[in-house]
Amino acid sequence: MSRLEGAARSLRQIDPVDLALRLTLLDLLLRPIGEWQIRPAILVLAGAGLLIPGWLRRPPLWFALAGLTAFRFWADWPLADNHAYLISYWCLAVGISLVVRDTEACLALNGRLLIGLAFAFAVLWKLLLSPDFINGTFLRVTMLQDPRFEDWTLLSTGLSADQLEIQHAALDRHLDAPPFEVEPGPALSARFSWIADATTYWTAAIELALAAAFLWWKGGVLSRARHALLIVFCATTYAVATVEGFGWLLISMGVAQCDPRLVKTRALYLASFALILLYREVPWARLLADAIGAAGP
């Protein structure tokens, strides 16, 4: 108990802004971004911010990181992923917050708006601009084709690796061949369709809730649920979608909004950060699928 109390006391003494900045730099180190032209500079600056006393809150460090990360999506235009834009905006927000009088309030506001707007635009795309998402087509194709979802697909749908490969090949033929040459692939199971639909609706629902919670400014239950919703989102989504850099960035922005008295909330954010790292390093879904397969019916 004394060790837990000591850990809680240490966490209570860490400034939320410092913790958010350290987690952001750790994100850049654990998930290096950019091509070889800019990656070394980003890694050096992130390491310097973590290790050199006094550098963590230096605005030039964060403006430099904002510029380098912005170069990444400029060079990859228009194919850069969402994380590329958000990390650059966040580094810029940090730099600006460090030169204004009330750093804590400025950084918390920027973190709240960036999270809220990111999820608002995600919901706009999913619900209004892309009918192939809400009807389940997007996730059906993703579960069959995207290697990042392979372990989850095998575990949740009951497909074997051979069956998944057959479905993958059939989908490739459908995408590449002229329509009159396409042969229908094997029928998907009801369980596969149910998992794809449930994942679709869950994703849309929690992202809509996150957008509303972080953009709502009048207080009340909705705003108080912000941290819980974000922690649940990170703990569940990145167990399946292995885009850990995005998850760590969201956690960093969430921590920046924590009242210093919310020690348990910061501890849960840190636990989520560590959990996402374990998701990346431990193929838990594949191990569980193999164990279930070995156990037999």
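In table form, for the structure just shown:
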| read-out | value |
| --- | --- |
| Filter pass, Val240 being among the aliphatic types (A, V, I, L, M) and surrounded by fewer than 17 Cβ atoms within 10 Å (Cβ to Cβ) | no |
| Some residue of segment 227-234 being out of contact with any helix residue (DSSP H, G or I) (no Cβ under 6 Å at 6 or more places or on another chain), touching a residue at least 12 places away in the same chain (Cβ under 8 Å) and either at negative phi or surrounded by fewer than 22 Cβ atoms within 10 Å (Cβ to Cβ) (or both) | yes |
| Residue in segment 66-74 that is surrounded by fewer than 14 Cβ atoms within 10 Å (Cβ to Cβ) and either closer than 17 Å to Pro32 by Cα or of a type in the set (Phe, Trp, Tyr) (or both) present | yes |
| Tally, over segment 89-112, of residues that are among the aliphatic types (A, V, I, L, M) and touching a residue at least 60 places away in the same chain (Cβ under 8 Å) | 3 |
| Looking only at segment 16-39, and only at residues there that are outside any helix (DSSP H, G or I) and not aromatic (Phe, Trp, Tyr), the one that is farthest from the chain's Cα centre (by Cα) | Gln37 |
| Residue tally, condition assigned to a helix (DSSP H, G or I) and touching a helix residue (DSSP H, G or I) at 6+ places or on another chain (Cβ under 9 Å), over segment 40-70 | 21 |
| Any chance Trp62 is more than 17 Å from the chain's Cα centre (by Cα) and surrounded by fewer than 18 Cβ atoms within 10 Å (Cβ to Cβ) | no |
| Condition met for Arg286 (in a helix (DSSP H, G or I), in contact with a Ser or Thr (Cβ under 8 Å, 6 or more places away or on another chain), charged (D, E, K, R) and under 24 Å from Arg148 (Cβ atoms)) | no |
| Residue in segment 206-215 that is free of Cβ contacts under 8 Å to residues at least 24 places away in the same chain and assigned to a loop (DSSP other than H, G, I, E, B) present | no |
| Selection count, segment 253-280, where residues are hydroxyl-bearing (Ser, Thr, Tyr) and either within 11 Å of the chain's Cα centre (by Cα) or farther than 21 Å from Ala105 by Cα (or both) | 2 |
| Matching residues in segment 240-275 - criterion: being outside any helix (DSSP H, G or I) and within 26 Å of Arg286 (Cβ to Cβ) | Ala241, Thr242, Val243 |
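Rundown of residues vs (1) under 18 Å from Leu230 (Cβ atoms); (2) out of contact with any Ser or Thr (no Cβ under 6 Å at 6 or more places or on another chain); (3) buried (at least 20 other Cβ atoms within 10 Å of the Cβ), yes/no style:
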{"site": "Ser97", "(1), (2), (3)": "no, no, yes"}
{"site": "Ala105", "(1), (2), (3)": "no, yes, no"}
{"site": "Leu109", "(1), (2), (3)": "yes, yes, no"}
{"site": "Leu113", "(1), (2), (3)": "yes, yes, no"}
{"site": "Leu129", "(1), (2), (3)": "no, yes, no"}
{"site": "Gly136", "(1), (2), (3)": "no, no, no"}
{"site": "Met143", "(1), (2), (3)": "no, no, yes"}
{"site": "Pro147", "(1), (2), (3)": "no, yes, no"}
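Just so you know, all these numbers are worked out from the coordinates, no wet-lab data involved. These numbers come from a predicted model, not from an experiment. When we count neighbours, we look across all protein chains shown, and the Cβ atoms used for this are built from the backbone with ideal geometry, even at glycine.
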